Amino acid sequence: MRNKIHKIVEIADQTVSTPYVIGQNDCNILVLKVLDLLCNTNYAEKATGYTSIKEGLKIFKEHGYDDLEALVQEHCSVVETPILGDIYIDGIQASIFLHETYIEVDHERHVFQNVHTPKDLKGKIYRINKE
């Protein structure tokens, strides 16, 4: 388990240190990489290459999911309190939790930023529990 925690941190570090590019390094790809690591899947590989949200949704639909959240629900349960590696989804925003923080996209500047987790999250927190 310690190795997987280290890998989650590596994925997060790689994400925030690489330029934000939709379809290559964005919030969907971040979440898919963590799912791939913990569920032994290859979703991120299948999802890359889109250049808009509309194209990204089309890829999910081609694989039988309405959106990222529908795919996440296949492997996860909703929880109240996040821990490292949990997934956060709020509409089209998606992220993973680290130590009392999560990665967020600043859409105006097109960069990732690590922000402290507020107490009043509006989205859902998912914990991977199905492989």
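Read-outs throughout are calculated quantities, based only on the coordinates presented, and are distinct from any laboratory measurement. Predicted model only: the values in this text are computed from it and were never measured. Every residue, glycine as well, gets a Cβ built from its backbone with ideal geometry; the counts of neighbours run over all protein chains shown.
Shown for ILE29, ILE83: other C-beta atoms within 10 Å of each C-beta, ranked fewest to most, produce the order ILE83, ILE29.
Which one, LYS119, LYS61, LYS33, has the greatest fluctuation when you compute a Gaussian network model over the chain with C-alpha springs under 10 angstrom? Top of the fluctuation ranking is LYS119. A simple spin-label model places pseudo-atoms 7 Å from Cα toward Cβ; at ASP66 and GLU10 they are separated by 3.6 nm. A Cβ-based charge dipole, computed about the Cα centre of the chain with Lys and Arg at +1 and Asp and Glu at -1, lands at about 220 debye. Candidates (1) 40, 33, 24; (2) 109, 53, 23; (3) 35, 32, 29; which is the computed Cα extents along the principal axes in Å? Structure-derived value, by its label: (3).
Once you have the Cα-Cα distance between HIS99 and THR81, take 0.36 nm times their residue separation minus that, and quote the gain in nm to one decimal.
Full extension of this stretch gives 5.3 nm more.
Pairs over the 28 Å Cα-Cα cut-off, from the set LYS58/LYS124; LYS4/LYS54; LYS61/LYS119; LYS54/LYS122; LYS7/LYS54: LYS4/LYS54; LYS61/LYS119; LYS7/LYS54.
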